[in-house]
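**Student:** Sharing a structure below in structure tokens format, with a few things to ask.
Just so it is clear, none of the values below were taken in a lab; they were calculated from the coordinates. Since we're looking at a predicted model, the values are computed, not measured. Every residue, glycine as well, gets a Cβ built from its backbone with ideal geometry; the counts of neighbours run over all protein chains shown.
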Amino acid sequence: MFLFLLKIRHPANARNYERNIKMLKLTLSSILNQKTSFDYKILVVCNEIPTLGFTSDKLEFLKVDFPVSGSGGAELQPQIAAWTDKGAKVVAGLAHVRENPPEKVFVMDADDWINENLVEYIMSNPSVDNWYVDGGYLVDFGLKKYIRKSGLVRYCGSTVIFDYQDLIKLTGIPSSVTAESSLDEIKEQVSEHSIVYLLGHHRFYLGALHKMKMNIKPIDIPAICWVVNTGENRSGVTAKGVGVSMPHKFLSTFGMEDLVESENKDSVLDKIIEQKYRLFSYLGWAITSKTSEKV
């Protein structure tokens, strides 16, 4: 079984919680659009169970009683506080599925989109234990534009798919931690490094897997859309006006058929500039060490 493990921030750490839920609904729509015969489930770890307006037997919520993480919303929230909250929620989610563990776990942010063939691709290659996203897209949600990117594992929190047992070994989560454990109990039993820098901050995943000599390979399809400029991204990243419009076929590939495609027509210059940024991304990733502690 393939598990999508999502975590959403405390309502008090959102600029606009309703906007967070709107983005979550789009992410869930993307996931539920998977074209596969393999079994998959979605677990969302949250402080409050949101009202979505739809249900699915593939979707489950885990409510945790964690305190507000620092102060401020989105990018105003201190980094360490945000990473600790994310990591602890992943710990709770991994403990929640311990009795019926999945084969694969995709730790995701709750605003990104995934390729409709991702589960089929991963589960059809059982000889590979862990995977990371190489190619995909930066989607500027506000501008309805995208840029092709290489080495998305450098930027996006939805870019590593783990063998469940490897992830438990990597993070050292003991059996004494349960889904009902408080934040303080989790911090007492799981190392700060695991909570903050492995499970809370995606840029340390790849180096840690290589250091433990665990089997890991890049995904050969454009696997995800890293969605920015939503009004809630902590990074504050946008496409800076660069990119090309998202046609219906593109949106459909990521389960976004209901989104209205951009009415803007791309100029020749728009396409040339997008190609330039695509090349810069490819070259940057080519010279990046894939085994350093922080990729």
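**Student:** My understanding is that a pair violates if its Cα-Cα distance is over 28 Å; which of Lys86/Lys217; Lys22/Lys276; Lys41/Lys169 do that in this structure?
**Tutor:** Lys22/Lys276
**Student:** In nm, give the distance between the simple-model label positions of Thr55 and Met212, each being 7 Å from the Cα along the Cα-to-Cβ direction.
**Tutor:** Each label point lies 7 Å from its Cα, and together they span 3.6 nm.
**Student:** Once you keep just the Cα pairs under 8 angstrom separated by 6 or more residues, what percentage relative contact order results for the chain?
**Tutor:** The normalised contact order for the chain reaches 24 percent.
**Student:** Moving on to the next point. Stretch Lys265-Lys25 to full length: gain in nm at 0.36 nm per residue minus the Cα-Cα span?
**Tutor:** Here the segment from Lys265 to Lys25 would lengthen by 83.6 nm.
**Student:** Then there's this: Show me, for the range 146-163, the HN-Hα J-couplings you get by feeding each phi into the Karplus relation (A = 6.51, B = -1.76, C = 1.60, θ = phi - 60°), rounded to Hz, glycine and proline as x.
**Tutor:** Karplus-based 3J(HN,Hα) across the range 146-163 equals 9, 10, 6, 10, 10, x, 4, 4, 6, 10, 10, x, 10, 9, 10, 10, 9, 5 Hz.
**Student:** Using +1 on the beta carbon of Lys and Arg, -1 on that of Asp and Glu, and nothing else charged, what's the dipole of the range 106-212 about the Cα centre, debye to 20?
**Tutor:** For the range 106-212, the charge dipole is close to 580 debye.
**Student:** I'd like the Karplus ³J(HN,Hα) series for the range 93-103: coefficients 6.51, -1.76, 1.60, θ = phi - 60°, whole numbers in Hz, and an x wherever there's a Gly or Pro.
**Tutor:** Working through the residues one at a time gives x, 5, 5, 4, 9, 4, 6, 9, x, x, 6 Hz.
**Student:** Tell me the Rg and the Dmax, in Å, that the Cα atoms of the chain produce.
**Tutor:** According to the Cα coordinates of the chain, Rg and Dmax are 18.2, 59 Å.
**Student:** May I ask for the net charge around Trp285, where only other residues with Cβ less than 12 Å from the Cβ of Trp285 are counted and Lys, Arg are +1 while Asp, Glu are -1?
**Tutor:** Taking every other residue near Trp285 into account, the sum is +4.
**Student:** If a paramagnetic tag sat 7 Å from the Cα of Val68 along the Cα-Cβ line, which residues of the range 76-97 would have the backbone N under 18 Å from that point?
**Tutor:** Those under the cut-off are 76-86.
**Student:** Work out the charge dipole of the range 2-286 with +1 on the Cβ of Lys and Arg and -1 on the Cβ of Asp and Glu about the Cα centre, then indicate which of Gly172, Leu138, Ile42 is farthest towards its positive end.
**Tutor:** Checked the options; the winner is Leu138.
**Student:** Treating the beta-carbon of each Lys and Arg as +1 and of each Asp and Glu as -1, no other charges, what is the dipole magnitude of the range 2-286 about its Cα centre, to the nearest 20 debye?
**Tutor:** Dipole of the range 2-286, to the nearest 20 debye: 840 debye.
**Student:** From the phi angles alone, apply the Karplus equation (6.51, -1.76, 1.60; θ = phi - 60°) to the range 243-248 and give each ³J(HN,Hα) in whole Hz, x where the residue is Gly or Pro.
**Tutor:** Calculated HN-Hα couplings, in order: x, 10, 5, 9, x, 4 Hz.
**Student:** I've got another one for you. In straight Cα distance, which aspartates and glutamates are under 16 Å from Lys187, not counting same-chain residues fewer than 8 positions off?
**Tutor:** Asp65, Asp85
**Student:** Then there's this: Taking the Cβ of Leu183 as the centre, find all other residues whose Cβ is under 9 Å away and add up their charges (Lys, Arg: +1; Asp, Glu: -1).
**Tutor:** Spelling it out: positives minus negatives among the neighbours equals -3.
**Student:** Using modelled amide H (1.01 Å from N, peptide plane; none on Pro or chain starts), what sits under 5 Å from the amide H of Tyr40, excluding residues fewer than 5 places away?
**Tutor:** Excluding prolines and chain starts, which carry no amide H, the hits are Phe2.
**Student:** Tell me, what does the Kirkwood hydrodynamic radius of the range 50-137 come to in angstroms if you use every pair of distinct C-alpha atoms?
**Tutor:** In the range 50-137 this quantity evaluates to 16.1 Å.
**Student:** Additional query: Just want to confirm a number: the relative contact order over the range 33-131, from Cα pairs under 8 angstrom separated by 6+ residues, in percent.
**Tutor:** Relative contact order for the range 33-131 comes out at 36 percent.
**Student:** With n ≥ 4 as the cut-off for DSSP H runs, can you work out [θ] at 222 nm for the chain, using -39500 (n - 2.57) per run divided by the number of residues, rounded to the nearest 500?
**Tutor:** Counting only the DSSP helices, I get -9000 deg cm²/dmol.
**Student:** Please list, in order, the residues from the range 111-153 whose amide nitrogen is less than 18 Å from a point placed 7 Å along the Cα→Cβ vector of Arg15.
**Tutor:** In the range 111-153, the label zone of Arg15 (backbone N under 18 Å from the point 7 Å along Cα→Cβ) covers 111-112, 139-145.
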